[in-house]
Amino acid sequence: MRRIKLVVSYDGTNYQGWQRQEGRRSIEGELNRALSMLLPEERPEVVGASRTDSGVHALGNVACFDTASSIPALRFPMALNRYLPEDIRVLSGEEVPEHFHPRFTPHEKHYLYRIDRSRIPLPERRLYCYAFSFPLDLAAMRRAAAYLEGEHDFRSFVNPDSQVFRHGGDAVRTIYAIRIEEESAPGQAGELVFRISGSGFLYHMIRILVGTLLEVGRGRRCPEEMPEILSARDRRAAGQTVPAKGLCLAELRY
């Protein structure tokens, strides 16, 4: 058997997230359907690195599957894309050692969260940005973000329904960096882009982090409140959960 690693990009608008769910469209379900059409005698199933939520996008999620097929790894993207909808594309394929696991092999996760700063939201950004035109103090937001970098218990920034808690896990994670950048094209109002990298993220964690930092930007919280919010270990201590559509898994680095 061979283990094939795929890098997958998708627009998550029309899907109930990565994970396969009975009676609902998912990225995992569509990939498995395509594999079953390409390899009907084997019908392999993928294992994904990041189980992105409903409506979340990806530039470079990672999945793998095992096969006895002799198809060269480099040909799997073109072969699978014939059977996939236009909003899912396999970007690359490579053969990896049998011990490689997309979730458990150590890696860094890199996410983007985009905000449309236009006074009137632009239609072209409606599926990929959160429209938020209120004035923001970016310096205060960046000071607050610095408190969140490093290893912490992020329970205050996680939806209490997270499966990790039901299975006895904890919310200790490491954030390597949070960058808040302004981007704009000529003649257009800018976007605010959060670039967040870490060892791993929990259910709604990035969306709550961004929502809390926006509250700092509006003057509703002080940057110096972040350590207190972390130590509370209580979801009620942090800010709003921003919409899924602004979130994109940019890259996984192994």
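The values are calculated or read from the model by the stated rules, or taken from the named source; none is laboratory data. Because the structure is predicted, anything quoted here is derived from the model rather than measured. All Cβ positions, even for glycine, are placed from backbone atoms using ideal geometry, and neighbour counts span all protein chains on display.
Can Q240 be described as exposed (fewer than 14 other Cβ atoms within 10 Å of the Cβ), within 20 Å of the chain's Cα centre (by Cα) and over 22 Å from A58 (Cα atoms)? So Q240 passes the test. Going by the conditions given, is R220 in a helix (DSSP H, G or I), of a type in the set (K, R) and at negative phi? Considered against the rule, which asks whether it is in a helix (DSSP H, G or I), of a type in the set (K, R) and at negative phi, R220 comes out as no.
For region 46-75, filtering for residues that are farther than 13 Å from H110 by Cβ, touching a helix residue (DSSP H, G or I) at 6+ places or on another chain (Cβ under 8 Å) and aliphatic (A, V, I, L, M) leaves 4.
So that you can scan it fast, the table gives a plain yes or no per residue for (1) in a loop (DSSP other than H, G, I, E, B); (2) assigned by TED's automatic domain parsing to the domain that holds E225; (3) touching a residue at least 60 places away in the same chain (Cβ under 8 Å):
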residue: N32; (1), (2), (3): no, no, no
residue: S36; (1), (2), (3): no, no, no
residue: E41; (1), (2), (3): yes, no, no
residue: D53; (1), (2), (3): yes, no, yes
residue: F76; (1), (2), (3): no, no, yes
residue: L112; (1), (2), (3): no, yes, yes
residue: L136; (1), (2), (3): yes, yes, yes
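For the criterion of being modelled with pLDDT under 95, among the hydroxyl-bearing types (S, T, Y) and in a loop (DSSP other than H, G, I, E, B), S69 fails. Scanning region 3-23 for residues that are surrounded by fewer than 18 Cβ atoms within 10 Å (Cβ to Cβ) and either of a type outside the set (D, E) or not in a loop (DSSP other than H, G, I, E, B) (or both) yields S9, T13, N14, Q16, Q19, Q21, G23.
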